[in-house]
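Right, one structure below, let's go through it.
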Amino acid sequence: MIKNAGIALALGASFALAGAGQASAADLSAPETLVTEVTPVWDVAFGVAFMNDYRTRGISNSAKDPAIQGYAELQAFDWLYAGIWASNVNGFSTDPSAEIDLYGGVRHTFGALTLDGGALFYWYPGETGGETNYWELSFKPSYAISDDLVISGTLLYGWDIGNAGGDGLYLVGGAKYTLPFQTIPDVAFYVSGEFGKQWLGKTDSGFNPKNYLTWNAGVGATYKAATLDVRYIDTDLSKNECAFNTGARGWCGSTALVKLSFDTAFSKLK
């Protein structure tokens, strides 16, 4: 089904992420760094998420099917972190059993400014007919303009995207505003959005995918460890361009993404 499996997987992979921490780091779907009043010497953050479509960098990585994702992240000395993030995937010609992201780096907050730099390894176990695992470097600064408004950016660079020989650069900027009113105890509401661009280089086989823009905007509510997020996501790829890049016409168009996630840490458990 996929015209170029390596590039298709690369277009789908990502951060939070963010991703969790870093995995799928390019989307607002990534859980945020947990903050405590007194930072412990070490901590483990972990969580799980359920969504109607696994979208990253604007493109479906689950063939528009629902996805379940989870992560665990070790944090040490308020500087270092390392983690693992996983999700089901669907629709790729190499038919991997999952996407597993291994990541680590340095992250620290200096007043209102947070700097985060690291590396990610995208692993697709169980592939047949080839391997598309690859590395990316990441840089994710953010700045709290106020207690309610945070602006952020993400830069991801890979030199062998999808193990196909082409490089890739993803650059995105975003903002999140937590509404200042609180009518229900322990419940907070927010609005957020991102705008970014993906550049992709020519592969060793001569395949030259189209660069594209992607954006998202949504609203969400948090209650203790739970977050419900509803988001509009789109790209500027036409259906023909989407098919050229990924092999499927319908994976790059606009969609409404609904996600329910639960995130906590050992230091939060009582």
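The values are calculated or read from the model by the stated rules, or taken from the named source; none is laboratory data. Keep in mind that what you see is a predicted model, and the values were worked out from it rather than measured. Positions of Cβ are generated from backbone atoms using ideal geometry, with glycine treated the same way; all protein chains shown enter the neighbour counts.
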Is it the case, given these coordinates, that Asp160 is assigned to a loop (DSSP other than H, G, I, E, B), among the acidic types (Asp, Glu) and either at pLDDT below 95 or touching a strand residue (DSSP E or B) at 6+ places or on another chain (Cβ under 7 Å) (or both)? no
Tally the residues that are assigned to a loop (DSSP other than H, G, I, E, B) and within 15 Å of Gly111 (Cβ to Cβ), restricting the search to region 124-156. 4
Under 6 Å between Cβ atoms, at least 6 apart or on separate chains: pull out the pairs that start in region 94-119 with a residue that is under 30 Å from Ser62 (Cα atoms) and part of a loop (DSSP other than H, G, I, E, B) and end on any residue that is of a type in the set (Phe, Trp, Tyr) and modelled with pLDDT of 95 or more. Pro96/Tyr124
Could you say whether any residue in region 193-207 is among the aliphatic types (A, V, I, L, M), farther than 30 Å from Asp147 by Cα and in a strand (DSSP E or B)? yes
Give the residue that is surrounded by the fewest Cβ atoms within 10 Å (Cβ to Cβ), with candidates limited to residues of region 181-233 that are small (Gly, Ala, Ser) and within 30 Å of Gly165 (Cβ to Cβ). Gly206
Contact list please: Cβ distance under 8 Å, first residue in region 237-259 and in a strand (DSSP E or B), second residue among the aromatic types (Phe, Trp, Tyr), pairs at least six apart or on different chains. Thr255/Tyr232; Ala256/Tyr232; Leu257/Tyr232; Lys259/Phe50
Number of positions in region 119-138 that are surrounded by fewer than 16 Cβ atoms within 10 Å (Cβ to Cβ) and in contact with a strand residue (DSSP E or B) (Cβ under 6 Å, 6 or more places away or on another chain): 4
